[in-house]
Amino acid sequence: MQILTKISGKSKDYLPLLDMINQGVQVKSDLVEKNLANEKLVAFLEQDIEQVGLEKILFHYKQNKEKKIPFLPVDKLISEDEIDDIMQVLKEVLSSGRFTSGPYIPLFEKNLADYLGIKYVIATSSGTDALMISLISAGVHPGDEVILPANSFAATENAVLAIGAVPVYADIDPESYCLAASEIEKHITEKTVCILPVHLYGKQADMGAISAVAKTHGLKIIEDGCQAIGSSGLGAFGDGLVLSFNPYKNLGVCGKAGAIATNDEALAEKCIEISYHGFESGKKNMKRSDFGFNAKIDNLQAAIGLERMKYLGLHNFKRFYLAKQYIEQLQALEQDGYIKLPKLTDDHVWHLFPIRVLKGDRDEIAKQLLDVYGIETDVYYPILSHQHQTNLVSKKYKQTTLPHTEKAAQQLLHLPLYPGMPLQDQEKVIKGVHHVIKSSVQ
Ligand SMILES: Cc1ncc(COP(=O)(O)O)c(C=O)c1O
């Protein structure tokens, strides 16, 4: 057993932390790094876990009374405790009248920077805006090519398209489902300016290898980390890291928001300008960039983000716990060749839980799970970027083939996983998956 002498509260610590708790080691809460995101993790460790029981503390939710097990129940993505905290700060912001610009923005940015260990953070009105702003600021111009995977949320490619640049899709690594470093070079042309890897489902792409390719060819890297906040070492390789705080993300506000994090001062300054009308940082109504968007985070959302950030470390630990349960309890199906499970790795913070269906029809299995057991599943993402029914795709991407991406897209199925998920619901999902998958190939 690995004994932690310091706890960062991020993905690499969750397995050893859980082992220590399970072995009855008293984990002192003062080992936990002091930052806002760890506040509730500290409070959790200060309870008498051995006496009360780990699962009782972590998953104290009422069992779902309805027969259906929802995939991502919007009303359960925020806890009563969070709502209470937010109500107090809302009152303060509402009476101050400072809804758009205001003091909570720099405070939210500072707390994010401390948590990420990255010098500059620019909070924006969404992850999509953060992608556009960071690409422009990194020097991507209309007509330039950006290399990215084709299995992300449409926001990733849309940000490239919206700034007039050209998405060039490269294949994924079939183990991680993230952009494969080995696939990038064959797509590099004299127009390539930037690589845009996506840390899909909360798992980081192989950034060491991707960064080596970028260095060799003098390319920028903007990391799409919208699904991966809390993953250890996030943003260490890219010129810029993009985050999303929409309500479905591991850290969500009560609306839309995002951020760019970077250690590059010049890039940070440019992002500040592009995120607000081209105005020079700290100067009112004085342009330095040719243009800019109206895309800063609202003060109101920043205040909410600060409240919700207190839960991030604990919620990510709960996500890890659920992912580990799935991996252990579905192991037999993997051993018998029915499915492929994701691995518990240090750089994975569980945003979504994918299983890969190797035997039987994925869509039929999803239907059976719903019809017979009331279990909702989902597919992220059902249509790949180069296969949409759009004019652009039929003109430009008809010849694009990405064997690993395409095969994975036919087989991936996502199971419910969110911090407020009752364990009894997860047990039902596990049972249902066992029955349906085995019976689907008889
Ligand atoms: C991988 C990825 N990139 C970009 C985005 C866009 O973020 P937002 O919804 O905040 O615009 C999302 C989230 O929706 C995402 O999952």
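Rg and Dmax of region 96-146, based on Cα coordinates, read 14.0, 45 Å.
One way to sum up the overall shape of region 88-219 is the equivalent ellipsoid from its Cα gyration tensor, whose semi-axes run 33, 17, 14 Å, largest first. Evaluating 6.51 cos²θ - 1.76 cosθ + 1.60 at θ = phi - 60° for every residue in region 24-29, the Karplus couplings come out as x, 6, 6, 8, 6, 5 Hz, glycine and proline recorded as x. Projecting the Cα positions of G292, N316, I430 onto the charge dipole of the chain (unit charges on Cβ atoms of Lys, Arg, Asp and Glu, taken about the Cα centre) puts G292 furthest along the positive direction.
Figure legend: label point modelled 7 angstrom from the Cα of Q329 along Cα→Cβ; residues of region 61-80 with amide N under 20 Å from it are 61-73, 76-77.
When only alpha carbons of region 1-130 are considered, Rg and Dmax amount to 18.4, 53 Å.
Comparing Cα centroids, region 403-427 and region 275-338 end up 20 angstrom apart. Overall, region 116-269 carries a charge dipole of about 360 debye about its Cα centre when +1 sits on the Cβ of Lys and Arg and -1 on the Cβ of Asp and Glu, all other atoms neutral. Amide H to amide H, with H built 1.01 Å from N, T124 comes under 5 Å of G258, A259, I260, I297, counting only residues 5 or more places away or on other chains.
The equivalent ellipsoid that matches the C-alpha gyration tensor of region 1-63 spans semi-axes of 18, 15, 11 angstrom, in descending order. I need the calculated FRET efficiency for the pair K283 and Q442, taking r as the beta carbon distance and R₀ as 60 Å, to the nearest 0.05. Efficiency for this residue pair is about 0.30. Cα-based radius of gyration for region 70-116, normalised by 2.2 N^0.38 Å, reads 1.47.
Computed from phi, the 3J(HN,Hα) profile of region 218-232 under the Karplus parametrisation 6.51, -1.76, 1.60 (θ = phi - 60°) reads x, 9, 7, 10, 10, 8, 8, x, 4, 9, 10, 5, x, 7, 4 Hz, with x in place of Gly and Pro. The H on the amide N of E376, modeled in the peptide plane, is under 5 Å from the matching H of I69, F71, each at least 5 residues off or on a different chain.
Across region 256-265, computed HN-Hα scalar couplings (Karplus, 6.51 cos²θ - 1.76 cosθ + 1.60, θ = phi - 60°) run 10, 6, x, 6, 10, 10, 7, 9, 9, 4 Hz from first to last residue, x flagging Gly and Pro.
When DSSP beta bridges are limited to those with both residues in the chain, what percentage is antiparallel, rounded to the nearest 5?
That works out to approximately 60 percent antiparallel.
Spatial offset of region 62-96 relative to region 27-57 amounts to 22 Å, using the alpha carbon center of each.
Could you work out the percent of alpha carbon pairs in the chain separated by over 34 Å, rounded to a whole number? Above the 34 Å cut-off, the chain has 34 percent of its Cα pairs.
Which net charge results when you count Lys and Arg as +1 and Asp and Glu as -1 among the other residues whose beta-carbon is under 12 Å from that of A212?
-1
When the charge dipole of the chain is built from unit charges on Cβ atoms (+1 for Lys and Arg, -1 for Asp and Glu) and taken about the Cα centre, the candidate among L161, L148, V193 whose Cα reaches farthest toward its positive end is L161.
Taking amide H positions as modeled 1.01 Å from N, with prolines and chain starts lacking one, the residues under 5 Å from I221 and 5 or more places away or on another chain are I195, D239, G240.
So what's the gap between the Cα centers of region 221-251 and region 1-26, to the nearest angstrom? Using only Cα atoms to place each centre, the spacing works out to 24 Å. The charge dipole of the chain, taken about its Cα centre with unit charges on the Cβ atoms of Lys, Arg (+1), Asp and Glu (-1) only, comes to about 500 debye. Applying the Kirkwood pairwise sum to the alpha-carbon positions of region 83-309 produces a hydrodynamic radius of 17.6 angstrom.
Values in this text are rule-based calculations from the coordinates and carry no lab data. Since the structure is predicted, the reported quantities are computational estimates derived from the model, not experimental observations. Cβ sites come from the backbone with ideal geometry, for glycine too, and all protein chains shown count toward neighbours.
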